[in-house]
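The values are calculated or read from the model by the stated rules, or taken from the named source; none is laboratory data. Quick caveat, the model's predicted, so the values are computed rather than measured. Here Cβ is always computed from backbone atoms with ideal geometry, including for glycine, and neighbour counts include all displayed protein chains. In case anyone asks, the SASA skips ligands and DNA or RNA and just uses the protein heavy atoms, side chains included. Shrake-Rupley method; radii C 1.70, N 1.55, O 1.52, S 1.80 Å.
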Amino acid sequence: LVGGGGNPRPGEISLAHNGVLFMDELPEFGRRVLEMLREPLESGRIAISRAAHQAEFPARFQLVAAMNPCQCGYLGHYSGRCRCTPDQIARYRAKLSGPLLDRIDIRIDVPAVSDEELIQQVAAESSRTVRSRVAAARRLQLERQGKPNSELTSRDIDRVCAPDDAAISLLRQAIARLSLSARAYHRVLRIARTIADLAGDTRIGAPHVGEAIQYRRLDSHSR
């Protein structure tokens, strides 16, 4: 995943540079392997040290990961089939450390749908429509700061992600209730800035911040 060898070579995270790295069944990866994702998720590069060689590879990728809510996969299922105990669920989720989760901006619970809901056809936006909205938001970001929101530094965030008074009040509540770290705080603001850009809003308001906070709602029961 991270690369290595006697003569260091890039791993999957470097091969995914400027692309997407998808990791299914995330807790099934070894704890040591998962913890090694922290550096590239933060800096966009990975340093590999060996006795005789040291190498640094680019690793600015978009991480997309999936996991079950518990070991059997049926926690919260409408069928009630899950028999995992609270301790088993806690041990399963504890495979993902707090510092690693802190670096994942959006975490969404996807509940199972019933047979009837699965069969029903629901009207939705086309991919073309969504793509045009995303492209417009990206152009706005490049015009405003010369780079996409994903690459904003802490100093950049202070400059271009200033929330209004209502949003600041909501952020204070989130910090108190969710014990957000400084890293999480900046990531919430960065996501809120993107949500505002997608909506065509110049200022970050409470609705944008509220939505960004909701995307971290697994904080309370994932750690």
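Yes or no: Arg138 at pLDDT 90 or above and either among the aromatic types (Phe, Trp, Tyr) or open to solvent by 60 Å² or more (accessible area, probe 1.4 Å) (or both)? When the stated conditions are applied, Arg138 passes them. For region 112-131, check the following and say yes or no: at least one residue is in contact (Cβ under 8 Å) with a residue 60 or more places away in the chain and either open to solvent by less than 60 Å² (accessible area, probe 1.4 Å) or out of contact with any Cys (no Cβ under 9 Å at 6 or more places or on another chain) (or both). The answer is no; no qualifying residue exists.
Across region 183-200, the qualifying residues are those that are aliphatic (A, V, I, L, M) and touching a residue at least 24 places away in the same chain (Cβ under 8 Å), and the one among them that is surrounded by the fewest Cβ atoms within 10 Å (Cβ to Cβ) is Leu198.
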